[in-house]
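Undergrad: Before we start, here is the structure in question, set down as structure tokens.
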Amino acid sequence: MAVQHPLLEVNDLSVSFKMEDECFDAVKNISFTLEKGQTLALVGESGSGKSVSSSSIMGLLPNNARIGEQSAIRFQGQDLLGMDEKAFRNIRGDRIAMIFQEPMTSLNPYMPVGEQVAEAIIHHRGVSKREAWNKRWLYLKKYTSQSRVKGLTIILMNFLAVSCNAL
């Protein structure tokens, strides 16, 4: 029988940022476990480390960020902190995704939304451009009709995540 791992394990996560000659601690020793089917909310005041914690999990921290040596992040048993960028890119958006606080900043204003979604489908599903263009309309029709009261940008970011099978 295969070993069942939690969906996401974050253990003793600490993140600091090097700013000139000083280090600023943004997250100190956060730990949690998320099982498949569970929902987790990171709640806190502005500047409390919610986005930094999430960006750490997604491997999207800036170059001046330092993750503590004792920190561990595992997704379905895989060590995310030890993963190289190419391997991480294969799971980011495909098996794990993040919907940012400001979804408008996640979209490329110079590229039509349909193209952005098709691009994600091509990258993560390995399908032809034509098939990706067909799938994006199916997803858009399905997910926008379910969410009439949500903001359009939230719908679009959910749509991008679903198009890659991340949700």
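Undergrad: In a shell of Cβ-Cβ distance under 15 Å around L13, excluding L13 itself, what net charge do Lys and Arg (+1) and Asp and Glu (-1) give?
TA: Cβ neighbours under 15 Å give a net charge of -1.
Undergrad: Now for a different question. Can you list the HN-Hα couplings for the range 67-81, worked out from phi with the Karplus curve (6.51, -1.76, 1.60; θ = phi - 60°), rounded to whole Hz and with x for Gly and Pro?
TA: Residue by residue, the range 67-81 yields 9, x, 4, 7, 5, 9, 9, 10, 10, 6, x, 8, 6, 6, 5 Hz.
Undergrad: For the range 1-83, run through the trypsin sites (Lys or Arg not before Pro) and keep only the ones in DSSP coil with at most 16 other Cβ atoms within 10 Å of their Cβ.
TA: Passing both the DSSP loop test and the Cβ count: K36.
Undergrad: Relative contact order for the range 6-117 using alpha-carbon pairs under 8 Å, separation at least 6, rounded to a whole percent?
TA: Normalised by residue count, the contact order of the range 6-117 is 29 percent.
Undergrad: Taking the range 6-122, how many lysine pairs are there with alpha carbons less than 24 Å apart, if each pair must be eight or more places apart or span two chains?
TA: So the count works out to 4.
Undergrad: Follow-up question, since we're still on this one. Between beta-carbons, use under 15 Å as the cut-off and find the net charge around P112, counting Lys and Arg +1, Asp and Glu -1.
TA: Charge balance in the 15 Å sphere: 0.
Undergrad: Shifting gears a bit: Which of the GluC sites (Glu not before Pro) found in the range 1-72 are in a DSSP loop and have at most 16 neighbouring Cβ atoms, other than their own, within 10 Å?
TA: The qualifying sites are E20, E35, E45, E69.
No lab work stands behind these numbers, since they all come straight from the coordinates. It should be emphasised that the depicted structure is a prediction, and the values quoted were computed from it without experimental measurement. Glycine gets a Cβ as well: all are built from the backbone with ideal geometry, and neighbour counts include every protein chain shown.
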